[in-house]
Each structure stands twice: as structure tokens, then as C-alpha cells.
Amino acid sequence: MEIILIILIAALVATAIYGVILYNGLVRLKHGVSKAWSNIDVLLKQRHDELPKLVETCKQYMKFEQDTLERVMRARAAVASAREKGDVAGVGSAENELRLGLGNLFAVAEAYPDLKSSERFRHLQERITDLENSIADRRELYNESVNNNNVRIEQFPDVILARLFAFKSAQLLEFSPAERQDVDLKALFG
């Protein structure tokens, strides 16, 4: 009888330890998603801060292109609003508009040689291009974290703890099919 009791206690302790390990793994994944989003958020904020400088620089040269400049600023505001709300789908949608606006802005800049030769404009264009590339890299890491989290909370036996402790699936940061094609901003200045 004592051996059965010892085996039963050992099985309960092993089950508890296993449950703690599973729970801690789910917590690690959840926080990995948050960390990956924070990395994107920092880059979005940096780009958000650079865009007014770019628009102001362009205004000095592009007197007749106000619609293009306003479109970039409206898209910038939409990204900021979605980012502040933590609305991943909204960020994806607003990012589409912003990237289109930036592409148009850089394409229109071709018609202004003085603007293209401006050191400030070139610096801002390079900075924004670097931020765009970093955002794309971080988006990949974020989506990988989301995928790992979502798969894990649906797998057995993790699904039991995930439902018991209300772990939620996270949303991928997705862009439209046109947005998935890489935009070569440097080619627009070629």
C-alpha cells in the first residue's frame, strides 16, 4: 500500500512539474509576441518621427504636389492611430497606404532635380528606406512569434492549459498582395 501511495504522489508531482513547464512555455511565447510587436512599434515610431521632416523638406521644392504630401501625412496619422490602439490589422492596412504614398512621393521627387540633390532629402530618404527594411525584417520575426504562439496554444496537451488560463491567439501582421512585393525605393531615385 505504501508503494502505491509513493507512486501516486510521484505521479502527481511529475504531472504538476510538467504542467508548470508547459505553462511557463506558453507565457514565454506570449511575451515573445509582445516583444516582437514592441520591436516593430519602435521602428514605426522612428519612421513616424522622420516623415514630417521629409514632407517639410519636400514642401520647399514641391509647391504643386500638396495632394501627394497630404496623402503621406494622412497615412502616417492612420498608422500612428492603429499602432497606439494595438490594432495589428489596422497597422497593416494603414501601412499599405503609407508605403503607396511614400512610393508616389519618391516618384514625384524625380521631377524636382533640386530636391533630389538636397543633402537633407537624400539623408531622410536613406533613413526612411533603412527603417522600411528594418520594419520588414521585424515583421517577419513578429509573424514567426505569432505563429509559434498560435500553434502551441492549439496543440495537445498545451491547449488544456491555454484554455484554462485564457491564453489568446495573436494576429499576424499582414499586408495586401501588392504590398508583399518588395518596393525598391532606391530604384525610384535611380
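Quick look at the numbers
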| quantity | calculated |
| --- | --- |
| So N104, is it in a helix (DSSP H, G or I), within 19 Å of E126 (Cβ to Cβ) and of a type in the set (S, T, N, Q) | yes |
| For E174: the one exception among (1) within 16 Å of the chain's Cα centre (by Cα); (2) modelled with pLDDT of 85 or more; (3) surrounded by 13 or more Cβ atoms within 10 Å (Cβ to Cβ); (4) under 30 Å from L22 (Cα atoms) | (2) |
| Given (1) within 17 Å of G32 (Cβ to Cβ); (2) buried (at least 18 other Cβ atoms within 10 Å of the Cβ), index of the condition Q155 fails | (2) |
| Yes/no for A111 being among the small types (G, A, S) and either under 19 Å from L173 (Cβ atoms) or not in a loop (DSSP other than H, G, I, E, B) (or both) | no |
| Which listed residue is closer than 16 Å to L54 by Cβ, part of a helix (DSSP H, G or I), in contact (Cβ under 8 Å) with a residue 40 or more places away in the chain and out of contact with any strand residue (DSSP E or B) (no Cβ under 9 Å at 6 or more places or on another chain), from L124, L161, L141 | L124 |
| Residue within segment 44-53 that is more than 15 Å from T129 (Cα to Cα), among the hydrophobic types (A, V, I, L, M, F, W, C) and touching a helix residue (DSSP H, G or I) at 6+ places or on another chain (Cβ under 8 Å) present | no |
| Any chance E70 is surrounded by fewer than 17 Cβ atoms within 10 Å (Cβ to Cβ), modelled with pLDDT under 90, over 21 Å from the mean Cα position of the chain (by Cα) and under 21 Å from D130 (Cβ atoms) | no |
| Some residue of segment 98-107 being under 30 Å from N147 (Cβ atoms), touching a residue at least 60 places away in the same chain (Cβ under 8 Å) and buried (at least 16 other Cβ atoms within 10 Å of the Cβ) | yes |
| Residue satisfying all of: in segment 23-67; in contact with a Phe, Trp or Tyr (Cβ under 8 Å, 6 or more places away or on another chain), farther than 20 Å from D87 by Cβ and not hydroxyl-bearing (S, T, Y); surrounded by the most Cβ atoms within 10 Å (Cβ to Cβ) among these | L54 |
| Residue that is surrounded by the fewest Cβ atoms within 10 Å (Cβ to Cβ) [pool: residues in segment 108-128 that are over 17 Å from L69 (Cα atoms) and polar (S, T, N, Q)] | S117 |
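So that you can scan it fast, the table gives a plain yes or no per residue for (1) assigned to a helix (DSSP H, G or I); (2) more than 24 Å from A136 (Cβ to Cβ); (3) modelled with pLDDT under 90:
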| position | (1), (2), (3) |
| --- | --- |
| L5 | yes, yes, no |
| L12 | yes, yes, no |
| G19 | yes, yes, no |
| L26 | yes, yes, no |
| L29 | yes, no, no |
| S34 | yes, no, no |
| V42 | yes, no, no |
| P52 | yes, no, yes |
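The values are calculated or read from the model by the stated rules, or taken from the named source; none is laboratory data. Fair warning: this is a prediction, and the values are worked out from it, not measured in the lab. Glycine gets a Cβ as well: all are built from the backbone with ideal geometry, and neighbour counts include every protein chain shown.
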